[in-house]
1. Which condition number in (1) without any contact (Cβ under 8 Å) to a residue 12 or more places away in the chain; (2) over 24 Å from Val124 (Cβ atoms) is the one that Glu313 fails?
2. When segment 116-133 is examined, which residues are found to be over 15 Å from Asp83 (Cβ atoms), within 16 Å of the chain's Cα centre (by Cα) and in a loop (DSSP other than H, G, I, E, B)?
3. Residues Leu383, Leu339: which one is surrounded by fewer than 21 Cβ atoms within 10 Å (Cβ to Cβ), within 28 Å of Asn14 (Cα to Cα) and touching a residue at least 24 places away in the same chain (Cβ under 8 Å)?
4. Scan segment 66-94 for residues that are at pLDDT 95 or above, surrounded by 16 or more Cβ atoms within 10 Å (Cβ to Cβ) and either of a type in the set (Lys, Arg) or within 17 Å of Gly168 (Cα to Cα) (or both) and jot them down.
5. Would you point out which residue out of Phe306, Phe282 is more than 26 Å from Arg412 (Cα to Cα) and not polar (S, T, N, Q)?
6. Could you run through segment 138-175 and say how many residues are surrounded by fewer than 18 Cβ atoms within 10 Å (Cβ to Cβ) and not in a loop (DSSP other than H, G, I, E, B)?
7. Is it fair to say Glu318 is farther than 21 Å from Thr230 by Cα, of a type in the set (Asp, Glu) and not in a loop (DSSP other than H, G, I, E, B)?
8. Hey, among the residues in segment 117-137 that are of a type in the set (A, V, I, L, M, F, W, C) and surrounded by 21 or more Cβ atoms within 10 Å (Cβ to Cβ), which one's nearest to Ile5 (Cα to Cα)?
Amino acid sequence: MLRRIDASVINDENEKLKSHLDADYAALADKLARDNIDIETITAKAGEFQVAVPSWGTGTGGTRFARFPGTGEPRNIWEKLEDCAVINEMSGCTDSVSPHFPWDVVSDFSELKEKADAYGLKWVSVNSNTFQDQKGQEYSYKYGSLSNTKKESRDLAIQHNLDVIEYGKQLGAKSLTVWVGDGSNHPGQSHFQRAFERYLASMEEVYKGLPDDWEMHIEHKMFEPAFYSTIIQDWGSNLLAAMHLGPKCKSLVDLGHHAPNTNIEMIVSRLIQFKKLGGFHFNDSKYGDDDLDSGSLHPYQQFLIFNELVDAEYRGQEGFGPAYMLDQSHNVTDPAESLINSAIEVQRSYVKALLVNREALYGYQEDNDALMASLELKNVFNLDISPILAMARYRKGAPINPLGVYRAAGYREGMAKQRPQDPNATGSGIV
């Protein structure tokens, strides 16, 4: 397998830390054993966990006012793939990439797939882009795409999504993610029902183009770029659309796309119950759709979400198998470092949720023992399970100290020399 960072760098750094890791791991094993938990079983599950990296997240993001590109940023999908390989080498839990089109279109997808295979990376959900006009585009999305009042714009958006499905088939992906910025900025600007009808009619055409073994994931967003109304503004409209379109269509939950103080974990439970949870875009937010690093602000909320996910896994619920992906904008950090750190934080939430004593929790719930039920979750959340994550990485040949190895390897500095800034490059990062 091709590597971007020499394995000897990882091994040398790991050997310096291995004795300390062994001691910490043994101490945690003893603690967990008192609760009849086998640490080896949990570590094996940690090693199996994977969360996909978004191709666009490998570059510096921005705001509506400006974007300040970093050094050594990837200028095309080939270089994004290089960074994704490094992120997986460091985290040990990001073996998949989610591309975005038309940003990531290439002339030969078989060549792109071969390169990803060489890095040990898979392609997962492909993402369409009808929220901005592309160079030379004949009909505009200024007033919407799949819900536009003009049939020509709707047809263009439909065809783009069908094209994206074809790209994904060549890469071996199995799902299409559709997010649109359609909506209105002024009361009376749009007829709510007719706009939704046009959206559904357009999505029906896209749905027809799905291969039998594919899914379509609909992403909702409360606001932005439309600020008065949005076509798919919350999980309710999302679920209605998914139910209307058919069994291959499910809802995607982006953690930043909700109103403040929304109970996201309950939404997750509802979607699981009705077999309509397609996947997640993990990030964090303070004010709105901030796309901050996962777990940077609300790690307990992220844990509570995974509590619902692991509960569904524990109960063996039918139709459960969501896709996990990061979706972040890195404005003041090295994007690779943020994605490495975020992937591990998402993995941390998953592993902690595995430690919840489900039967004890169910008992507290049946007895209406609110405090003990809450403490069953809180006590697990407060437990430091870092040795499990580090051991899972070590056993896969990844670093015990990922960011330390990444910096010691000088990857970003090396890329700064190889990738001079190109103002005409499609690049990465969301503006």
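1. Unmet for Glu313, out of (1) without any contact (Cβ under 8 Å) to a residue 12 or more places away in the chain; (2) over 24 Å from Val124 (Cβ atoms): (2).
2. Selection gives Val124, Ser125, Ser128.
3. Unique residue meeting the criteria: Leu383.
4. Within segment 66-94, Ile77, Lys80, Leu81 qualify.
5. It is Phe306.
6. So the count comes out to 9.
7. Against the criterion (farther than 21 Å from Thr230 by Cα, of a type in the set (Asp, Glu) and not in a loop (DSSP other than H, G, I, E, B)), Glu318 does not qualify.
8. The extreme case among them is Leu121.
The values are calculated or read from the model by the stated rules, or taken from the named source; none is laboratory data. Small disclaimer: the values here were computed from a predicted structure and weren't measured. All Cβ positions, even for glycine, are placed from backbone atoms using ideal geometry, and neighbour counts span all protein chains on display.
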